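Below is one structure; the comments refer to it alone.
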Amino acid sequence: MSNIDIKRVKTSEIELKDKLVGVNRVVKVTKGGRTFSFSAIIVVGDENGVVGHGLGKAKEITDAVMKGIDDAKKNLVRVPIHKGTIPHEQYGKYGGAYVFLKPAAPGTGVIAGGAMRAVLESVGITDVLAKSKGSSNPHNVVKATVDALVQLRDAITVAQHRGVKLDKVFNG
């Protein structure tokens, strides 16, 4: 992943929508009794090629969600979208979670489960086939999905990296 340029985005330029992927209640047992706290994983995106994910932890759910949104806004990346789908097949991995994304024909919809669906819809992808393998932990699935999306490259970027014209990319 070191050879990939992550395109960071400024939050002041765009209007972001947030989605709550999951909330965990965490219990700490002390001498004085049980102490409850919450962790929330959030995905934000403008539904036009920008997405970010964040984790917030606090004693109250609302505070955890707000912290998660603030964290997600710090981790925004731009993703190439081609006619509502992704430009090519891509694998992503984080921890024990593996994801596979495949472009789909218009009208197919987002064929993905839970955490992956939240990320793909936040980015603005309308047609994609996706499969999650390995760990189903929402934290790792979200990070693996973002990893796969960050690795995507459109034809113009490929042509620039190779130093050739755009038609040479398609005609080999």
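Details
- Listed residues 152, 80, 109: farthest to the positive end of the dipole of the range 79-171 (Cβ charges): 152
- Full-stretch length increase - residue 108, residue 169 - with 0.36 nm per residue and alpha-carbon distance subtracted: 19.3 nm
- Electrostatic bookkeeping for residue 133 treats Lys and Arg as +1 and Asp and Glu as -1; over the other residues with beta carbon under 15 Å from its beta carbon, the sum is +2.
- Comparing 44, 27, 142 in a Gaussian network model of the chain where C-alpha atoms under 10 Å apart are linked, the largest mean-square fluctuation is found at 27.
- Helical mean residue ellipticity (222 nm; -39500 (n - 2.57) per DSSP H run of 4+; nearest 500) of the chain: -9000 deg cm²/dmol
- Stretched out straight at 0.36 nm per residue, the stretch from residue 136 to residue 37 would grow longer than its current Cα-Cα span by 33.4 nm.
- Helix 114-123 and the longest principal axis of the C-alpha atoms of the chain enclose an angle of approximately 50°.
- The shape of the chain comes out prolate: with a ≥ b ≥ c from the C-alpha gyration tensor, a/c is at least 1.5 and a/b beats b/c.
- Anchor residue 93: aspartates and glutamates whose Cα lies under 15 Å away (excluding residues fewer than 8 positions away in-chain): 147
- The aspartates and glutamates within cross-link reach of residue 168, meaning a Cα-to-Cα straight distance under 19 Å and a gap of 8 or more places when in the same chain, are 154.
- Residue 26-residue 91 FRET efficiency (beta carbon distance; Förster radius 30 Å; 0.05 resolution): 0.45
- Ignoring aspartates and glutamates fewer than eight residues from residue 17 along the same chain, the ones with Cα atoms less than 13 angstrom from its Cα are 46, 47, 70, 121.
- Relative to the dominant Cα principal axis of the chain, helix 138-151 is inclined by about 20°.
No value in this document is a laboratory result; all are computed from the given coordinates. Small disclaimer: the values here were computed from a predicted structure and weren't measured. Here Cβ is always computed from backbone atoms with ideal geometry, including for glycine, and neighbour counts include all displayed protein chains.
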